[in-house]
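Heads up: the structure comes next, in structure tokens.
Throughout, read-outs are computed from the coordinates displayed, never taken from laboratory work. Here the structure is a predicted model, which is why all the values come from computation and not from measurement. Cβ coordinates were reconstructed from backbone atoms using ideal geometry, including for glycine residues, and neighbour counts include every protein chain displayed.
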Amino acid sequence: MMSSAPDLLALEEMPLNTQVVGRRFRVFDVLDSTNTYALEEGRAGDVIVADRQTAGRGRQGRTWYSAPGLGLWFTVVFEGPPEQELVYAAALAVRDAAAEQAALRLKWPNDLLLNGKKVCGILIEHRDGRTALGIGVNVHHRPEDFPEELRAKASSLAHETQQPWDRGELLRGILQGLDKRVMLVGSGGGEDLWREWASACGLEGRRIATGGQEGRVVEIDRSGAIVLETPTGLQRVHSGDITILDGD
Ligand code: BTN
């Protein structure tokens, strides 16, 4: 069923100033997962939004808690740019779209934090030449809206800032920023995008622990992997959870 949420519905009525992203909008009250819908039915440039997901997916097989009215759960369909560049573009677009109200920090590899708590996650998946770039932003949650086991780690924009947020406005800002960056990648700006993203992750020179190893981050390479200097030599870490050992 198409959505009845007024802040999301406004999206279908207001044209976006974009080239690729948002050629078509599909806004639903409920889907199992916007990524699943995108992989099965999507066309390049589609934006699939659901007010609620019954089977929202996170990375590493985790469930993404997607209650109605509380967040932005959406997927953008692509057929072009490489996966990593989409992740870089998406994370920076979310950070910038929220910047007037909150200073979000990128957390390698795919999260955004506010006051040290996760407010956004990104999941990219492929099928039959389609790429689904799924973004979940916690907007209106109170702590009690999260399952108990997430409360220490997850929060929402409204709770952390104690300000009102408009989901439709935020989504428009994200989509415009995403489009701008994807267009730049198409015209040879991929390296600059990677540098901006890697620098925003703020890890170079830090001591971290991940996957049972500890070391100093030499750099984040173009593929998005952390290059870690460990007592046994350089190691590349492609995914997983990290802990920063020398401060926050
Ligand atoms: C993560 O941090 O683990 C990634 C979370 C990604 C959640 C979004 S919500 C919209 C899209 N549909 C899904 O099923 N997942 C992504």
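Within straight cross-link reach of Lys117, meaning Cα distance under 22 Å, which lysines are found once same-chain residues fewer than 8 apart are removed?
Lys107, Lys153
Using just the helices of the chain, give the 222 nm mean residue ellipticity in deg cm²/dmol: DSSP H runs with n ≥ 4 each add -39,500 (n - 2.57), and the total is spread over all residues, rounded to 500.
That comes out to -8500 deg cm²/dmol.
Can you put Asp145, Asp128 in order, fewest other beta carbons within 10 Å first?
Asp128, Asp145
Once the piece of chain linking Leu245 and Ser199 is laid out straight, how much longer is it, given 0.36 nm per residue of separation minus the C-alpha distance between them?
In short, 14.7 nm is gained.
State the Kirkwood hydrodynamic radius of the chain in Å, one decimal place, computed from all pairs of distinct Cα atoms.
18.4 Å
Take the alpha-carbon centre of the stretch 208-248, take the same for the stretch 131-161, and report the distance between them in whole Å.
26 Å
Which three extents, in angstrom, do the Cα atoms of the stretch 70-137 have along their principal axes, listed largest first?
39, 24, 19
What is the distance, in nm, between label points placed 7 Å from the Cα along the Cα-to-Cβ direction at Arg24 and at Thr63?
3.2 nm
Once fully extended, how much extra length lies between Glu79 and Arg43, figured as 0.36 nm per residue of separation less the alpha-carbon to alpha-carbon distance?
12.1 nm
Does a label point 7 Å from the Cα of Glu214, set along Cα-to-beta-carbon, have any residues of the stretch 222-248 with amide nitrogen under 14 Å, and which are they?
Answer for this model: 229-232, 243-247.
Work out the length of the dipole vector of the chain about its Cα centre, built from +1 on the beta-carbon of each Lys and Arg and -1 on the beta-carbon of each Asp and Glu, and round it to the nearest 20 debye.
220 debye
Taking a virtual spin label 7 Å from the Cα of Ala103 along the C-beta vector, which residues in the stretch 136-167 bring their backbone nitrogen under 13 Å of it?
none
Run through the stretch 178-248 and list the GluC sites (Glu not before Pro) located in a DSSP loop whose Cβ has at most 16 other Cβ atoms within 10 Å.
For GluC sites (Glu not before Pro) across the stretch 178-248 that sit outside H, G, I, E and B with at most 16 neighbouring Cβ atoms in 10 Å, the list reads Glu204.
Provide the three semi-axes, in whole Å and in decreasing order, of the ellipsoid equivalent to the stretch 143-248 as defined by the square roots of 5 times the Cα gyration tensor eigenvalues.
30, 24, 10
Once phi is turned into ³J(HN,Hα) by the Karplus curve 6.51 cos²θ - 1.76 cosθ + 1.60 with θ = phi - 60°, what whole-Hz value does each residue of the stretch 206-219 show in order, with x for glycine and proline?
Calculated HN-Hα couplings, in order: 7, 8, 9, 10, 7, x, x, 10, 10, x, 9, 7, 7, 6 Hz.
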